[in-house]
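Some notes on the structure that comes next.
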Amino acid sequence: MRLLLDTHVWIWSLLEPTRLGRRALSALRNRRSELWLSPVSTWEFLILVERGRVQIDAPPEDWLRDAMERAPLREAPLTHEIALASRSVDLPHDDPADRFLAATARVLDLTLVTADRRMMRSRSFSVLPAN
C-alpha cells in the first residue's frame, strides 16, 4: 500500500501508537507499505508544538530530525497540481492543511490514513481509517 499519513496519525505513530487501530497499525508496520508524509504535516506539527497541543522532549528541529531517522518516510511533494486540486477536492470544510493532504492523496494516488471523520466521508481520494 502507498499510505499518506495525516498529521495526527504520524504524531500518534511516534508518540502514542496505542491510539491507532489494529488495521492501521498493521498497514504502517508492513514492510511492503510505502509511507509518505507531506511537508504540510511538518508545518502543522510545528504549530501544534508552538501552541502546546503536542509535547516533545527536544527542540522541534532536533525532534523532527530524530523522528525522520527512526521512521523514514517518503516526502510527498507540494506541487502546483496539488495546490490546484486542493480547491476542488470534496471536503465539508475549508481547513487548508486538510485540503492539501486530501489533494496530495488524490493527485499522487495515495491512501490517506486518518481518524478525521470529515475526511473519511470524502469520495475524492482513498482513505484507511486510523482507529
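The values are calculated or read from the model by the stated rules, or taken from the named source; none is laboratory data. Remember, predicted model here, so these are calculated numbers, not experimental data. A quick note on method: Cβ atoms are made from the backbone with ideal geometry, for glycine too, and the neighbour counts reach across all protein chains shown. What goes into the accessible areas is simple: the full protein's heavy atoms, side chains included, and nothing from ligands, DNA or RNA. Shrake-Rupley method; radii C 1.70, N 1.55, O 1.52, S 1.80 Å.
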* Asked: Want the number for Glu34 to Arg123: 0.36 nm per residue separation, take away the alpha-carbon distance, what's left?
  -> 29.9 nm
* When the accessible area of the chain is computed with all protein chains present and a 1.4 Å probe, what percentage of it is carbon and sulfur? -> 48 percent
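Where the convex hull is taken over the Cα atoms of the chain, what is its projected area averaged over directions, in nm²?
7.6 nm²
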* Work out Dmax and Rg for segment 46-101 from the C-alpha atoms and quote the Rg first, both in angstrom. => 14.7, 39
* **R0 of 30 Å, Cβ-Cβ distance Trp63-Met1: FRET efficiency to nearest 0.05** => 0.65
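Pick out, in residue order, every one of the trypsin sites (Lys or Arg not before Pro) in segment 24-69 that is DSSP loop and has at most 14 other C-beta atoms within 10 Å; say none if there are none. Could the numbers behind the result be given before it?
Numbers: sites: Arg29, Arg31, Arg32, Arg51, Arg53, Arg65; in loops: Arg31, Arg32, Arg51, Arg53.
Those satisfying the criteria are Arg31, Arg32, Arg51, Arg53.
Over segment 1-92, calculate the relative contact order: mean separation of alpha carbon pairs under 8 Å at least 6 apart, over the residue count, as a percent.
Worked out over segment 1-92, it gives 31 percent.
Given only helices, namely DSSP H runs of n ≥ 4 each adding -39500 (n - 2.57), what is the per-residue ellipticity at 222 nm of the chain, to the nearest 500 deg cm²/dmol? Before the final figure, lay out each step's value.
Numbers: 7 runs with 64 residues, N = 131.
Value at 222 nm, helices only, nearest 500: -14000 deg cm²/dmol.
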